[in-house]
Amino acid sequence: MTIAQYTALTADKSSTTTSSSDTSSSVSSNPNSAASLKNEFISLMVAQIKNQDPLNPLDGTEYVGQLAQFSQVQSMENMSSLMQNGMVMMDNMQVLSTSGLVGRTVYVSGNSFELGEEAQTGKIELTHGSSQVNLVVTDEFGQETKIPLGAHAAGDVDFSIDPEEHNLKPGKYTVSVEVQEGQSTPNVLLAGKVEQVRIPSSGGSAMVNIDGVGSVPFYQISQFGA
């Protein structure tokens, strides 16, 4: 039975025998699924075998090939379903893991923060040692405050921007780093406590609200704890 023959038989279901109609009634509720089409094909194949010309019997090899194709499509559907279930499980695991972050200190890569009464802490990731490291804090009006951190070898350099010590008013700030000439600008990690975790209703990555830093995607968290 060729695909064209199968299509023609599908369009002319009313001409099949009663046994074919009874079998097709047990087909899955989704008529487009591989399992439903396979069952329907078997029903039509049985009907065609029953009504074949005894003097010119049909070639069974063609039936086997057609059934193999349906089985392959059904296997692909099952694999797709398993992958979707796996993605749902990963999303659930992400929800569980992010909910446990509330109240914990995390580090995110960035240079914008909102300063209140408490100090804003963080780390500078130096790829090379520098004879002088300066932290440059700029307010929303462009006023700069330079905080010298001294000489440091390659590695993490902790810093603290204290509003009282450095005479900074509450507000929004950006931070940058100055190192000795010829070196690339190091990355800045800002620290803060997780206040809230929000899961978007439309799907996607969980959003983490960090004190002083704001709302960032979960995957932007570079470090947990001190």
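A compact table of results
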quantity	calculated
Residue in region 75-82 that is of a type in the set (Asp, Glu) and at pLDDT below 65 present	no
Strands (runs of 3 or more DSSP E) contained in region 123-183 and holding at least 2 residues on the phi > 0 side of the Ramachandran plot and exposed (fewer than 14 other Cβ atoms within 10 Å of the Cβ)	none
Flag if Gly155 is among the small types (Gly, Ala, Ser), farther than 14 Å from Glu125 by Cα and in the same structural domain as Ser131 (by TED's automatic domain parsing)	no
Yes/no for Phe218 being more than 28 Å from Phe141 (Cβ to Cβ) and either surrounded by 12 or more Cβ atoms within 10 Å (Cβ to Cβ) or not assigned by TED's automatic domain parsing to the domain that holds Phe113 (or both)	yes
Check on Phe113, aromatic (Phe, Trp, Tyr), surrounded by 10 or more Cβ atoms within 10 Å (Cβ to Cβ) and modelled with pLDDT of 70 or more	yes
Filtered residue count, region 190-207, keeping only those that are modelled with pLDDT of 85 or more and buried (at least 18 other Cβ atoms within 10 Å of the Cβ)	4
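The values are calculated or read from the model by the stated rules, or taken from the named source; none is laboratory data. These figures come from a predicted structure and were not determined experimentally. Counting neighbours? That spans all protein chains shown, and the Cβs are built from the backbone with ideal geometry, glycine included.
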